[in-house]
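The values are calculated or read from the model by the stated rules, or taken from the named source; none is laboratory data. Owing to the predicted nature of the structure, the values given are computational and were not obtained by experimental measurement. Glycine also receives a Cβ, built like all others from the backbone with ideal geometry; neighbour counts cover every protein chain displayed.
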Amino acid sequence: MARSQSSAARKAAPVADVLLMATPTKNADLRWFSGFHASDPFPAFSVGGRKVGLLPLLEVGRAKQESALDEVLNLTEIINDLRKTNPLAGVPDAIVFAAVQRGVHRFRVPADFPAGLFVRLGELGLELTPVTGALFPTRWVKSKAELAGIRAGNRAACAGFKAVEQALAESKPDKKGKLFWKGAVLTAEVLQDEVQAAVLRAGGLCDTGLICAPGDQAVDCHCQGSGPIHAGQLIVLDIFPRDRASWNYGDMTRTYLKGKATPAQRKLVAAVKEAHGRILKALRAGATGAEIHRIPVDYFRSLGYHTGPVKGTYVGFFHGSGHGLGYDIHEEPYLSPRNPAPLQAGNAITVEPGLYYPGIGGCRFEDCVVITAKGCELLSKHPYRWEIA
């Protein structure tokens, strides 16, 4: 049976090899481990530094050509052979057969490993140790190819910003301030469609959606946004496309307003932009996520911007200052009070302070950077021109 080990036993006999069972289009660890893009789940494990994958017959040829696996086994063939003596043999039996054949009886598995499979593998004699932290901590330090993919994702996001800027520039308000574009009401949904099309043409894919939230909708900072756009509203546009070629995410946010801003809106936007710049100047290897997060928190407080619940709605700056990204849109390391760990050179993270108040609206500016020994380098670039006449 699968069983937990004492800390003393773990120290005496550390489990080095890992076992995964997931779909790489949905699971960043398996995508990173296997270097393979597939829309169906398959098991993969390590053996003394080598990577072994058990692929169904229809994927074997492609996996041998395209993946980073050292050994590609035919899962369909293994199961068919096992069923000659065990008619009920399935994926768990194939995993055990392949692992034991290579001298492996114990694995580390991720915390989200399928529960039913965990139990069955234990019944078949494999010893599995769940990992509560990162299964592959080195995944947070990006390769040159991964950084290039993040840049490509951000270039696709920029195409979306340009489409929205053009639509806002061409739109006209009626007497009540409602915007019209190409003979119809300009809505958040219309802008979202324009972004999707532009991103797709630029080689990206908004596979998890995007945010185009006008006015007070943006105070709920993950509100997707809906309905008519009005002149004088702050519009938070958060675009986080996956680069289709590399499968890495980009993530950028800009804030817009059609027409002329109020003094309160202008002050809010200036504060967020300044906080964004202060974070960029402070980032470097060795600084902790918690230390960096204090910078915008203290700055906003010095300007009198309150953070906390007001009449049941949270206002101010109530999210982290940034997060890692790559094969996942949100991953380690985080710029937040919950992260005391030092940043490392090669970490790719977002920088995204924001402020949100009903009656004024929301504002967020977001870019991506890679951490270096002495600072950071931008992985995204787009103007911050937010007032559009």
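Structural remarks
- The residues of the range 182-218 that are among the hydroxyl-bearing types (Ser, Thr, Tyr) and surrounded by fewer than 16 Cβ atoms within 10 Å (Cβ to Cβ) amount to a single one, THR208.
- Of the numbered criteria (1) at pLDDT 95 or above; (2) surrounded by fewer than 18 Cβ atoms within 10 Å (Cβ to Cβ); (3) part of a loop (DSSP other than H, G, I, E, B), the one SER39 fails is (1).
- Only one entry in VAL100, VAL109, VAL96, VAL104 is without any contact (Cβ under 8 Å) to a residue 60 or more places away in the chain, in the same structural domain as SER46 (by TED's automatic domain parsing) and crowded, with 19+ Cβ neighbours inside 10 Å, namely VAL96.
- Any hit, the range 214-221, residues being part of a loop (DSSP other than H, G, I, E, B) and among the polar types (S, T, N, Q): no
- Residue in the range 275-290 that is crowded, with 18+ Cβ neighbours inside 10 Å and either part of a loop (DSSP other than H, G, I, E, B) or not assigned by TED's automatic domain parsing to the domain that holds LEU335 (or both) present: yes
- Condition check for PRO309 on (1) within 24 Å of the chain's Cα centre (by Cα); (2) farther than 24 Å from PRO383 by Cα: one failure, at (1).
- Note on the range 308-319: residues that are surrounded by fewer than 20 Cβ atoms within 10 Å (Cβ to Cβ) and assigned to a loop (DSSP other than H, G, I, E, B) amount to 4.
- Filter result for HIS222 (touching a residue at least 60 places away in the same chain (Cβ under 8 Å) and farther than 18 Å from ILE388 by Cβ): no
- All positions within the range 158-175 that are closer than 14 Å to LEU200 by Cβ, touching a strand residue (DSSP E or B) at 6+ places or on another chain (Cβ under 9 Å) and among the aliphatic types (A, V, I, L, M): ALA159
- Per this entry, ARG139 is counted among residues that are within 26 Å of ALA16 (Cα to Cα), out of contact with any Pro (no Cβ under 8 Å at 6 or more places or on another chain) and assigned to a helix (DSSP H, G or I).
- Close contacts from the range 342-353, counting a first residue that is assigned to a loop (DSSP other than H, G, I, E, B) and small (Gly, Ala, Ser) and a second that is buried (at least 18 other Cβ atoms within 10 Å of the Cβ) and at pLDDT 95 or above, with Cβ to Cβ under 9 Å and a gap of 6+ residues or different chains, come to ALA345/VAL370; ALA345/ILE371; GLY346/TRP140; GLY346/LYS142; GLY346/LEU147; GLY346/VAL370; GLY346/ILE371.
- Test result for GLY125, in contact with a His (Cβ under 9 Å, 6 or more places away or on another chain), more than 21 Å from THR23 (Cα to Cα), outside the structural domain of SER246 (by TED's automatic domain parsing) and surrounded by fewer than 16 Cβ atoms within 10 Å (Cβ to Cβ): yes
- Taking the numbered list (1) buried (at least 19 other Cβ atoms within 10 Å of the Cβ); (2) in a loop (DSSP other than H, G, I, E, B) in turn, TYR384 passes all entries but (1).
- Count of residues meeting criterion [surrounded by fewer than 24 Cβ atoms within 10 Å (Cβ to Cβ) and over 20 Å from LEU257 (Cβ atoms)] in the range 348-370: 2
- Count - residues of the range 208-251 that are over 29 Å from HIS37 (Cβ atoms), under 20 Å from the mean Cα position of the chain (by Cα) and among the acidic types (Asp, Glu): 1
- Any chance GLY232 is out of contact with any Gly (no Cβ under 6 Å at 6 or more places or on another chain) and either of a type in the set (Val, Ile, Thr) or surrounded by fewer than 18 Cβ atoms within 10 Å (Cβ to Cβ) (or both): no
- Only listed residue being under 30 Å from HIS330 (Cβ atoms), out of contact with any Asp or Glu (no Cβ under 7 Å at 6 or more places or on another chain) and crowded, with 16+ Cβ neighbours inside 10 Å, chosen from SER143, SER67: SER67
- Restricting attention to the range 320-347, the residues that are within 25 Å of PHE300 (Cα to Cα), surrounded by fewer than 21 Cβ atoms within 10 Å (Cβ to Cβ) and aliphatic (A, V, I, L, M) total 1.
A quick yes/no check of all residues on (1) part of a helix (DSSP H, G or I); (2) over 19 Å from the mean Cα position of the chain (by Cα):
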site	(1), (2)
ALA145	yes, no
LYS162	yes, yes
GLU165	yes, yes
ALA169	yes, yes
LYS176	no, yes
PHE180	no, yes
ASP193	yes, yes
GLN196	yes, no
